[in-house]
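Heads up: the structure comes next, in C-alpha cells.
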Amino acid sequence: MRRAGELALRGLSSLGLSCVLLVLLGLLTWLGTLEQTRSGLYEVQRKYFESFVLSHDFGPVEVPLPGANLVMSVLLVNLLVGGIVRLRRGAATVGVLVAHSGIVLLLASSFVKWRHSSEGHVTLYEGQRATHFQSYQRWELAVLEVGDDGRVLERVAPQERYEHATPDAPAVLRADELPFEVRVTHVLANCSPLPKGPMFDVDVPVVDGVFLRERARDKETERNIAGAYVEVRESGATPRVGVLWGAQSAPWSFEVAGRRYALDLRKERYPLGFTLALADFRKEDHPRMNMARAFESDVEVREGAAKRPVTISMNAPLRTGGLVLYQASWGPSNARASDPLFSTFAVVRNPADSWPLWSCVVISLGLVWHFGRMLARHVRREVGLA
Amino acid sequence: MPTLPFRTGSLLTFAVLSLAVSACSDRAQPSELSAPRESSTPAAAIEQPRSSAERLGVQAPPAAAPNATNASNGAPTSGGNGALKWELPAGWSELAPTSMRVANFRVAGDERAECYLTFLAGDGGGLAANIQRWRTQMGQGPLSPQEIAALPTKPMLGGEAVLVDFAGSFSGMGGGGKIEDARLVGLLLVGPQGAAFLKMTGPASTLAGQVDAFLALAASLRN
C-alpha cells in the first residue's frame, strides 16, 4: 500500500507527467482550432477546454481524449506536488518556486473563471432599463408563478439539468413549494414551430396542431433557437403537455390548484445587482459613410435610492459590483436616420478578472530571479577563470 | 524493490485520475429548481392564456375562399381567392376550396379530371416523399434519387417547381374515385419557407390536351 502511494506520488510529481500534460494541452489546442472549421467558438470551448473527456473525430475513427479541464487539473496537482512541495528548498530554487506559484495562480484563475464567471449582454433602447443580463448561448427553463401580491416569482433550471432529456429518460424538475413537477421529454437544440398537416407524420408530439421541427445546428451556437416538450404532472391529474420555443412571444401558461403558473424557455439570465437605465445613445459615423466611427451610451446606475450617471464608450467600460460592462454594439443596423437605436452592452462577471495579470507578474519575477542568478553565477565563474 | 518505469507510472497515474474525475460528472435526477427569485416577466404575460399557435407565432394555413364557383368557357379569365390570383384556363371551372385545397379546379373535358393547389408549412414532408406518394397513388414504384434529380422544372409562384408526369391507375387519398388509364401531372415547389403543390389528375385521354393549360395556370399564380 505504501509502495503504491509512493509510486503514485512519484508519478504525480514527475517531470515526465508535466511533459505529457503540456503535449496534451498543445494537442487539444491544435485540434480545437481545427474543429472551428466545423463548430463555433463556444461549442469548441465546451468540447475541448471545459470537458474532462471528449471524443475527437479523426475521419473514420473516434478517438477518446482527456479534455483540457482534466489535463489542467492534473497539471495543477503535478505542479503542487512536484514543483512546490517536493522541490528542494534553497537559494537556487527560489525563482523556480516563485514561477511555479505563478503558474498555479494562472490555473486557479482559469478554474474560477470556468466555475464562477458569467458572460452575456444587455440590450436597451433609450428610456429602457434592466435588472439582469442574459447569456448569448446558454438556455434555461424557468417556472413562473404569480404571487398573491401580483409579483412574479421564478425558479430556474440551467441547461445542463435537462438538455439530454428523452421520452425514455425525461429530466424531472421540481421544487418543494410547487404542487406539480415538470418533466422535460424532448429537447431540440435548434428548431422552429410548424403547423402539422395531414399529409406527413412527425416523430414528436403535436400540441394544439403545432409541432417543433428540428433544424440543423448552426455553427455559431448563439444563432440556434432551442425548443422543448414538457409535461406538467400533478398528483391525481392527467399530465398536461406543452411546447416551449426559445423565440416564443409568451410563456406557456397553465393553472394548478387555482394558481396560475407558466413555463418559459429563454436565454440564461443573471441578476445585475442594480438597475441599468439607458438615458442617451450617440454614434458618430465616418464621413459620408453609414459606418460608425465611435459610439457611446449615457447610462444611469441605480442602487436603491442612489443614482449614478455614467458614460460607457468603446474603450471605457463600466466596472461596478464585480461586473464589467463594455459598449459592444448598437442597432438596428438598417435603421433610418429618424429610427430609434438600441445599445448593446457586453457584460462579464469574473471574480478572477485580474488574476492572470498578477500571475504573469509573479511568473516574470520568478524567472527574472532565477535566470538573473544563473547569469550572475556564470559571470562570476568567467571572471574567476580570467 | 522493483519499481514501475518512470513513464509508465506517470501515464498510469494520469489514467486513474482521468477515470476518477470523469466518474464524478454524472448527474442525478430529479433536479431541484433554483430558489425562487423575483422575475422581470410581467404578470400579464402569465395571466393571459394563449394558444400554442399564438405563442409560437405559427400561421394557420391560408384562409378558405368564399364558397363560390367561377367558370371559363372561352378565353382564360382572371380568378383568385383573395390571397392568390390566377388566370383560369379556357374551359376550366373553379370549385369551392377545401381546408387543404387553397385553389380547386375542374379540368375541361371530364368531370373526373381535377386540379388543385395545396400549401403546406415547412417542406411539407419533402420533395422526394411527396413524389413517391404520388407514384403510389398512380400504382407505380418509387423513383430513384437520380431520377428525381433529373426531373424538369417549370415556373410557379416565383420559383422553379419540379414537374412530374405519371401514367397509371389513379386512386386518390381515401381510395375513392379510382381511374384506370389515368395520368397525374404535378408541380412541386418545396423550400424551407413552405411547400406548394399543384396537382392535376384525371383520365389520360382528357389530360393529354390540358397539360399546356395546366402549366399556364401554374405560371399565372401570383399574390
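Which percent of the accessible heavy-atom area of the range A:135-269 goes to carbon and sulfur, probe 1.4 angstrom?
That fraction is 43 percent.
Using mean Cβ contacts within 10 Å as the protection proxy, how do B:127-138, B:179-190 order, highest first?
B:179-190, B:127-138
Along the range A:30-47, what does the Karplus equation 6.51 cos²θ - 1.76 cosθ + 1.60 (θ = phi - 60°) give for ³J(HN,Hα), rounded to whole Hz, x for Gly and Pro?
For the range A:30-47, the Karplus curve yields 5, 5, x, 5, 4, 5, 5, 6, 10, 10, x, 4, 5, 5, 5, 4, 5, 6 Hz.
What's log10 of I(q)/I(0) for the protein assembly as shown at q = 0.06, 0.12 Å⁻¹, Debye sum over Cα points only, no solvent?
Result of the Debye calculation: -0.53, -1.29.
Which whole number gives the average count of other chain Cβ atoms within 10 Å of the Cβ atoms across peptide A:251-263?
3
Label the range A:158-235 by shape, choosing from rounded, prolate and oblate, from the square roots a ≥ b ≥ c of the eigenvalues of the Cα gyration tensor; if a/c is under 1.5 it is rounded, and otherwise prolate applies when a/b is larger than b/c, oblate when it is not.
oblate
Note the buried accessible area between B and A here, summed over both chains, with a 1.4 Å probe, in Å² to the nearest 100.
5300 Å²
Could you pull out every residue, at least 5 positions away or on a different chain, whose amide H is within less than 5 Å of the one on A:Arg260? Hs are placed 1.01 Å off N in the peptide plane, and Pro or chain starts have none.
So A:Arg260 has HN proximity to A:Val146.
Leaving ligands and nucleic acids out of the surface, order A:Phe111, A:Phe281 by accessible area at 1.4 Å, largest first.
Descending accessible area places them as A:Phe111, A:Phe281.
Enumerate the aspartates and glutamates that B:Lys178 could reach by cross-link, defined here as Cα to Cα under 16 Å, with residues fewer than 8 away along the same chain left out.
Excluding near neighbours in sequence, the set is B:Asp110, B:Glu111, B:Glu114.
For Cα pairs less than 8 Å apart in space and 6+ apart in sequence, what is the mean separation divided by the residue count of the range A:135-269, i.e. the relative contact order in percent?
Across the range A:135-269, relative contact order equals 28 percent.
Considering only the other residues whose Cβ falls under 13 Å of the Cβ of B:Arg106, what net charge follows from Lys and Arg at +1 and Asp and Glu at -1?
Local charge sum for B:Arg106: -2.
Calculate the spin-label point distance for A:Arg259 paired with A:Arg129, positioning each point 7 Å from the Cα along the beta-carbon direction, and give it in nanometres.
2.9 nm
Around A:Phe180, what is the net charge, scoring Lys/Arg as +1 and Asp/Glu as -1 over all other residues with Cβ under 13 Å from its Cβ?
0
Whole Å is fine, so just give me how far the alpha carbon centre of the range A:74-130 lies from that of the range A:200-264.
41 Å
Could you work out how far the C-alpha centroid of the range A:311-368 sits from that of the range A:37-57, in angstrom?
A separation of 25 Å, based on Cα centres.
Residue by residue through A:205-216, how many Cβ atoms from other chains fall within 10 Å of the Cβ on average?
Mean shielding by partner chains, rounded to a whole number: 3.
Where Lys and Arg each count +1 and Asp and Glu each count -1, what net charge lies around A:Arg293 among other residues with Cβ under 10 Å from its Cβ? Display every interim value, and only then the final one.
Values: positive: A:Lys283; negative: A:Glu284, A:Asp285.
It works out to a net charge of -1.
Can you sort B:Lys178, A:Lys113 by 1.4 Å-probe accessible area, starting with the largest?
From most exposed to least exposed: B:Lys178, A:Lys113.
Place the peptides A:90-97, B:140-147 in order of packing, highest mean first, counting for every residue the other Cβ atoms within 10 Å and averaging per peptide.
Sorting A:90-97, B:140-147 by mean packing, highest first, produces A:90-97, B:140-147.
Can you tell me which of A:Leu144, A:Leu79, A:Leu194 moves the most in a GNM of chain A? Springs connect C-alpha atoms under 10 Å apart.
Of A:Leu144, A:Leu79, A:Leu194, the Gaussian network model singles out A:Leu194 as fluctuating most.
Using 0.36 nm times the number of residues separating A:Phe58 and A:Met1, minus their current alpha carbon distance, what extension gain do you get? Please report the intermediate quantities before stating the final value.
Values: separation 57, 0.36 × 57 = 20.52 nm, distance 3.99 nm.
The span from A:Phe58 to A:Met1 would gain 16.5 nm if fully extended.
Which angle from 0 to 90°, rounded to the nearest 10, does the C-alpha axis of helix A:94-116 make with the longest principal axis of chain A?
Once rounded, the angle reads 0 degrees.
Taking every pair of alpha-carbon atoms in the range A:135-269, what share in percent sits in each 5 Å bin, from 0 to the bin with the longest distance?
2, 10, 20, 24, 20, 14, 7, 3, 1, 0
Return the average number of partner chain Cβ atoms within 10 angstrom of each residue Cβ along peptide A:303-310.
On the way: counts 0, 0, 0, 0, 0, 0, 0, 0.
Per residue, the number of nearby Cβ atoms from other chains is 0 on average.
Could you name the aspartates and glutamates whose alpha carbon sits less than 13 Å from that of A:Lys47, not counting residues in the same chain fewer than 8 places away?
A:Glu35, A:Asp57
Looking at the protein assembly as shown only, what percent of DSSP beta bridges run antiparallel? Nearest 5 please.
If we restrict to bridges inside the protein assembly as shown, about 100 percent are antiparallel.
Can you give the helix-only mean residue ellipticity at 222 nm for the protein assembly as shown, where every DSSP H stretch with n ≥ 4 adds -39500 (n - 2.57) and the sum goes over all residues, rounded to the nearest 500 deg cm²/dmol? Could you put the intermediate results ahead of the total?
Details: 13 runs with 159 residues, N = 609.
Per the formula, -8000 deg cm²/dmol.
Tell me, what is the FRET efficiency for A:Trp114 and B:Thr153 to the nearest 0.05, using R0 = 51 angstrom and their Cβ-Cβ distance as r?
The formula returns an efficiency of 0.45 here.
The values are calculated or read from the model by the stated rules, or taken from the named source; none is laboratory data. Treat the numbers as computed from the prediction; the structure is a model and nothing was measured. Glycine gets a Cβ as well: all are built from the backbone with ideal geometry, and neighbour counts include every protein chain shown. The protein model used for the area step is the full one, side chains on, heavy atoms only, and it has no ligands, DNA or RNA in it. Shrake-Rupley method; radii C 1.70, N 1.55, O 1.52, S 1.80 Å.
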